[in-house]
Amino acid sequence: MSSKSITTLSPRQSGEYIAEHADHVSIVEEGIKAVAKMALDAARAAESAGGLVGDGYRGSPLHPQVADAAAVDWVFLVTTLNFNFWTSEGAVKYRVRHGGIMYDGYFSVCAAVNRALEEGKPATDPAWYGRLDLDGVRHLLRSDTEAEIPLLEERHRAVTDAGRVLLEKYGGSFVNCVKACGGSAQRLLRLVTDEFASYRDEAEFKGQRVSLYKRAQILIADLWLCFDGRGLGQFDDIDTLTMFADYRIPQALAYLGALRYSPELMALLQAEHVFASGHPMEVEIRGCSIAAVERIVAAARQMAAESGQPVSPTFLNSIGVDNFLWGYRRQHVKETNAVPYHKVRCIYY
């Protein structure tokens, strides 16, 4: 495994540290309470609808519908490719057609991988994708619009590096990584961020090494959802994961009043400024989002307890709140776009 600084804070610790030292992003308690009420209602609805944490995950026809070893390797490949889809205002988006529907963002990669499988390619086998050249990855991820997927070379590097590690050290399957961690989300998080370079989402912020680990955490959360928290998706410490700090969840949090941006930061966002990965303002947006969702979860759980109708932590945790906010943003695109999202070209989200 690669060496990492022992002083690197965990994502939860990083969120609190960043929130305490932020200059341009602040957490608004009234907004936290308002979002907590919305998240509580969503958690209650999810719990009463069927009682399975993965119901929402399987609601997409693009996701694996059978929880087996093949699903584990599918989730790993898709997550390894899942980053950076934004386009400038008015530009043509990268999209992939599947089942007569055009998908963009994360779902476009799901569609591309499924398309390859349906064409008879062993797309989720590291022995296949780990040896692809750049043109092979370009073909795998080919667009059904005139726009090529952003950061194609970085995606090529990410999948070939991941395939090499799995072949050399884990018997050619991410299943063996999962099994090696004995049902611990934190052990799997450490393994993924140690072994797979594209998942090492860290930054320096005011003299402290911090970690955000968006993709590594969503990888574990999606396995948990896919398997309904059982079998290969059973993680006894799943509640130790934070939200997945990208560019859309902060946008939703800011729109809903849980985050407030300084005039200087807002001016840059409105001008569509592209931040460098690790820029202090970018780190503040992401770190404060982690801290905000932790407070939303705590407030929602307190509301549930005070009402005498508690909700299972399985449905009311950072993963659930993140999924709620992600869905809310997609359902209210025009409204949430009143707050511009921050733009970064990087492999971490």
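Of the GluC sites (Glu not before Pro) in segment 90-181, the ones in a loop by DSSP (not H, G, I, E or B) with at most 14 other beta carbons within 10 Å are Glu119, Glu146, Glu148. Here segment 229-292 is treated with +1 on each Lys and Arg Cβ and -1 on each Asp and Glu Cβ, and its dipole about the Cα centre works out to around 140 debye. For segment 133-274, the convex hull spanned by the alpha carbon atoms encloses 177 Å³ per residue.
For segment 37-97, carbon and sulfur atoms together expose 55% of the accessible surface, with a 1.4 angstrom probe and every protein chain in place. Computed over protein heavy atoms with a 1.4 angstrom probe, the accessible surface ordering of Tyr255, Tyr261, largest first, is Tyr255, Tyr261. Taking label points 7 Å from Cα along the Cα-to-Cβ direction, His332 and Arg187 give a separation of 4.1 nm.
Solvent-accessible surface of the chain, taken per residue with a 1.4 Å probe and all protein chains present: 41 Å².
Could you rank Lys206, Lys179, Lys343 by how accessible they are, 1.4 Å probe, largest area first?
Of Lys206, Lys179, Lys343, the descending order of accessible area is Lys179, Lys206, Lys343.
For the pair Thr87 and Thr8, label points projected 7 Å from Cα toward Cβ lie 3.4 nm apart.
In summary, the lysines within cross-link reach of Lys334, defined as a Cα separation below 26 angstrom excluding same-chain residues under 8 places away, comprise Lys33, Lys37, Lys93, Lys214, Lys343.
Label-to-label distance for Met266 and His139 is 5.1 nm, based on points extended 7 Å past Cα in the beta-carbon direction.
I'd like the carbon and sulfur percentage of the solvent accessible area for segment 211-282, probe radius 1.4 Å, heavy atoms only, ligands and nucleic acids excluded.
Numbers: 1260 of 2390 Å².
The nonpolar share, carbon plus sulfur, comes to 53 percent.
When the charge dipole of the chain is built from unit charges on Cβ atoms (+1 for Lys and Arg, -1 for Asp and Glu) and taken about the Cα centre, the candidate among Ile238, Ala43, Gly182 whose Cα reaches farthest toward its positive end is Gly182. Note on segment 16-125: Kirkwood hydrodynamic radius from all Cα pairs is 17.4 Å, rounded to one decimal.
Dipole size of segment 224-264 about its Cα centre, with +1 on Lys/Arg Cβ and -1 on Asp/Glu Cβ: approximately 200 debye, rounded to the nearest 20.
A 1.4 Å probe, protein heavy atoms only, puts the accessible area of His156 near 40 Å².
Shown are Leu117, Leu141, whose ranking by accessible area with a 1.4 Å probe and every protein chain present, most to least, is Leu117, Leu141. Remark: the chain carries a charge dipole of roughly 200 debye about the Cα centre, counting +1 on each Lys and Arg Cβ and -1 on each Asp and Glu Cβ. Calculated mean residue ellipticity, 222 nm, the chain: -16000 deg cm²/dmol, from DSSP H runs (n ≥ 4) at -39500 (n - 2.57) each, averaged per residue and rounded to 500. Mind grabbing the base-10 log of I(q)/I(0) for the chain at q = 0.06, 0.13 Å⁻¹? Debye formula, identical points on the C-alpha positions, no solvent, two decimal places. With one equal scatterer per Cα and no solvent, log10 I(q)/I(0) is -0.20, -1.04. Computed over segment 182-223, the alpha-carbon pair-distance distribution with 10 angstrom bins reads 29, 51, 18, 2, each value a whole percent. Report note on the peptides 26-34, 312-320, 40-48: ranked by the mean count of other C-beta atoms within 10 Å, highest first, their order is 312-320, 40-48, 26-34.
Overall shape: oblate for segment 191-316, with the ratio a/c of the largest to smallest alpha carbon gyration tensor axis at 1.5 or above and b/c at least equal to a/b.
By a 1.4 Å probe calculation restricted to protein chains, Asp55 has an accessible surface near 60 Å², given to the nearest 10.
The values are calculated or read from the model by the stated rules, or taken from the named source; none is laboratory data. All values derive from a computational prediction rather than experimental measurement. Glycine gets a Cβ as well: all are built from the backbone with ideal geometry, and neighbour counts include every protein chain shown. With ligands, DNA and RNA removed, areas are computed over all heavy atoms of the protein, side chains included. Shrake-Rupley method; radii C 1.70, N 1.55, O 1.52, S 1.80 Å.
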